[in-house]
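Shown next, in structure tokens, is the structure this report addresses.
Just so you know, all these numbers are worked out from the coordinates, no wet-lab data involved. Treat the numbers as computed from the prediction; the structure is a model and nothing was measured. Here the Cβ positions follow ideal geometry from the backbone for every residue, glycine too, while neighbour counts run over all protein chains shown.
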Amino acid sequence: MKTKLLFTFLLLGLPFFGAADEKPVPCEYSNLVLARPVDALSDFHEEAKNAGEKVCKNFFGITPDERSNIVKSVSDYTTAASTVLFQLYDNELFTGLHERVEVWSDLVNSNYMNPVYLPFLQTAEFDRNNDYIWQVFIKASENNFPALEYNLSKDDRYETACKSLLDGVSGCNNVFEQVSIAANPFSALVKEKLLEDNGEKLALLQADWQEFIDDARYQTPLDVWATTLAYSERYSGKGLSGPPPIQYFLFRPTAVYERIDSLPDGDQDKASLAVEWVGFNHWKRGVGVSIISTYRDSAFTSDIGTGLMVYVDNTYSFGFTHRGKNDNSFFVNIDVLEWLGDKLEVYEQYKDKMF
């Protein structure tokens, strides 16, 4: 009987196993992105790198902690950038620069999921009628802020000041380029890799996680362990991944309401303890199967029955067990864990395996 049950279980599960695993979106930087700026800006460079990584790791924004971590990380980055620029460029000499930095900071903090607003402040240098012009501007298509212009030819205080700002770097534009290099990790990861290169994919994964939390069956830590083992490529510390297509279950305690027709009246219907030994659930299709054993204290038949349980629509489950002779039972599952379990905690357990 047990061999038949196992064969039936594997036969039912065959269409669901072996699903192609997706490649995670890594929260990593290339060596080019991590090209070090001058030593005086190394702390800011590290802050920009850390802020980008934190935004990436919390990118789905499923939990309140994730959302607050994103907001804080973006704020930390823009605050660090603003502090560096305020310290380097005197606002009395470079009139309006501090105010424009604050505008850029506000735009980034308010639109951190829109790649249009995430580039660092831009600069340009050019000749205009034999005058050497340095320009600072915000690269965002929807803003109406004119570029700041400083005529370096007509006021040598600009170049004199800029030559002393950073060791080994001369010129106002050269100094700003070093600040941009230091800031580059944040924009390169959040703007380019996450929002532009993988934005559509990550949006779909985010929606899948929300659907998983809303619809899939609750899983214990042991269930999550089994599932992440089955999808080892997806959950191997390599980056952002979606929910598992199939949930797996191991040694899951539950309760059932069971009927054994062959027993005497009054002993046929009872609540019984049960254990799902092993099972799977294709949560998007709303169908799954477990091998289950039920237990009831009975003077008329074996206390333990073993059989199959079927999940339907991630909500309903029922099945049958066999206790020898003709003492077969039909039962309806009473999944207490679905009432008591926190699915956001399940999501967090999967996320821990992503990084």
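Table for the structure above
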| read-out | value |
| --- | --- |
| Highest average packing first - 118-131, 52-65, Cβ atoms within 10 Å | 52-65, 118-131 |
| Within segment 247-265, backbone nitrogen closer than 15 Å to the virtual label 7 Å beyond the Cα of Lys325 toward Cβ | 260-265 |
| Sites Thr83 and Leu229 - FRET efficiency at Förster radius 45 Å, r taken between beta-carbons, to 0.05 | 0.50 |
| Extension gain, Asp76 back to Ala207 (0.36 nm per residue minus Cα-Cα distance, nm) | 44.4 nm |
| Qualifying lysines (Cα of each under 29 Å from Cα of Lys351; at least 8 residues distant if same chain) | Lys23, Lys49, Lys54, Lys57, Lys72, Lys191, Lys193, Lys201, Lys238, Lys284, Lys343 |
| For Cα extents along the principal axes in Å, calculated from these coordinates, the label among (1) 106, 31, 31; (2) 58, 45, 40; (3) 71, 45, 42 | (1) |
| Check: the chain dipole with +1 on Lys, Arg Cβ and -1 on Asp, Glu Cβ, in debye | 1300 debye |
| Sequence ranges 334-342, 187-195, ranked by mean other-Cβ count within 10 angstrom, highest first | 187-195, 334-342 |
| Gain on full stretching of the segment that runs from Glu99 to Arg128 - 0.36 nm per residue minus C-alpha separation | 7.9 nm |
| For segment 39-197, projected area of the alpha-carbon convex hull averaged over all directions, nm² | 9.7 nm² |
| Length-normalised contact order for segment 128-191 - Cα pairs under 8 Å, 6+ apart - percent | 22 percent |
| For Val55, net neighbour charge (Lys/Arg +1, Asp/Glu -1) across residues whose Cβ lies under 12 Å away | +4 |
| Top of Ser180, Ser73, Ser164 by mean-square fluctuation, Gaussian network on the chain, Cα under 10 Å | Ser164 |
| Gaussian network model of the chain, springs between alpha carbon atoms under 10 Å - residue of Lys154, Lys23, Lys163 with greatest fluctuation | Lys154 |
